[in-house]
Amino acid sequence: MPIIAPSLLASNFLNLEAECKMLNESQADWFHLDVMDGRFVPNISFGPMLIEFFRKATTKVCDVHLMIEEPEKYTEAFKKAGADNLTVHIEACRNLHRNIQQIKELGMKAGVAINPHTPVESLKDILADIDQVCMMSVNPGFGGQSFIPYTLTKIKELRKMIDERSLNVKIEIDGGVTVANAKSIIDAGADVLVAGNTVFKATDPIATIAQLKAI
Ligand code: DX5
Ligand code: ZN
């Protein structure tokens, strides 16, 4: 069964307590928390302060996706805020290997995110050191965009790379995941589905999460 990681970016920020309660009662596995700095991506969302509140509101895994420049400056802050998984973008890291060691030394799971234009081969030399790859299936920065179909080819390629080396790395797909395309994403080899608008704009979010989980 896939891991379901609803992205709180699409939730109602005037009603966060109720949104967290809903997720806690649902079959969601992770809280996916999108941090944007207005530099790496053309949007600004939230930082460690809000993540501290999410941490207090759930016992589920807090999966923090950093879409920021110089993420190494904030690793400790996100650890203190309560991140379980910390993902940095390959395109934002000059010393990716060092950043990954730093995340792991602090006791978090380490993830590397790649943008739609970044080839899967660029992960080759870091793959054995990480716990998850966040493969962007839209250009990062905004929720509610359409899934880029070529991502399916990239998932298959990454699945092959992981399996050939018997690595224990999860493939997380982020952007434009819907109930309609989720099966093709899982069939291609993904382990984790991030879903923002599909969950939070649904008339019955709990049932929608259950549908994704049952794929
Ligand atoms: C986009 C974020 C995503 C986003 C997904 O930059 O990384 O996590 O919230 O939203 P949907 O599922 O609506 O595409
Ligand atoms: Zn994300």
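General remarks:
- Per the listing Ala188, Ala180, the residue uniquely in contact with a helix residue (DSSP H, G or I) (Cβ under 6 Å, 6 or more places away or on another chain), modelled with pLDDT of 95 or more and farther than 15 Å from Met1 by Cβ is Ala188.
- Qualifying residue in region 68-77 (condition: of a type in the set (Val, Ile, Thr) and either surrounded by fewer than 18 Cβ atoms within 10 Å (Cβ to Cβ) or in contact with a Ser or Thr (Cβ under 6 Å, 6 or more places away or on another chain) (or both)): no
- Annotation note: Cβ proximity below 7 Å between a residue of region 71-86 that is assigned to a helix (DSSP H, G or I) and a residue that is of a type in the set (Asp, Glu) and modelled with pLDDT of 95 or more (sequence gap 6+ or interchain) occurs for Ala81/Glu52.
- Cβ-Cβ contacts under 8 Å between residues 6 or more apart (or on different chains), taken from a first residue in region 10-38 that is at pLDDT 95 or above to a second residue that is loosely packed, with under 13 Cβ neighbours inside 10 Å and hydroxyl-bearing (Ser, Thr, Tyr), are listed as Asn24/Thr59.
- Any hit, region 112-133, residues being under 19 Å from Asp191 (Cβ atoms), open to solvent by less than 10 Å² (accessible area, probe 1.4 Å) and of a type in the set (Gly, Ala, Ser): yes
- Residue that is farthest from the chain's Cα centre (by Cα) [pool: residues in region 183-193 that are within 16 Å of ligand 2 (Cβ to nearest atom) and either under 15 Å from Ile148 (Cβ atoms) or surrounded by 23 or more Cβ atoms within 10 Å (Cβ to Cβ) (or both)]: Ile185
- Test: residue in region 79-87 that is open to solvent by 50 Å² or more (accessible area, probe 1.4 Å) and within 24 Å of Ala190 (Cβ to Cβ): yes
- For the condition open to solvent by 20 Å² or more (accessible area, probe 1.4 Å), under 20 Å from Leu8 (Cα atoms) and in a helix (DSSP H, G or I), Ala210 qualifies.
- Yes/no for Ala92 being open to solvent by 30 Å² or more (accessible area, probe 1.4 Å), in contact (Cβ under 8 Å) with a residue 40 or more places away in the chain and over 19 Å from Ala190 (Cα atoms): no
The values are calculated or read from the model by the stated rules, or taken from the named source; none is laboratory data. Just so it is clear, the structure is predicted and the values come from calculations on it, not from any experiment. So basically every Cβ, Gly included, is an ideal-geometry build from the backbone, and we count neighbours across all protein chains shown. Heads up: the accessible areas ignore ligands, DNA and RNA and are worked out on the full protein's heavy atoms, side chains in. Shrake-Rupley method; radii C 1.70, N 1.55, O 1.52, S 1.80 Å.
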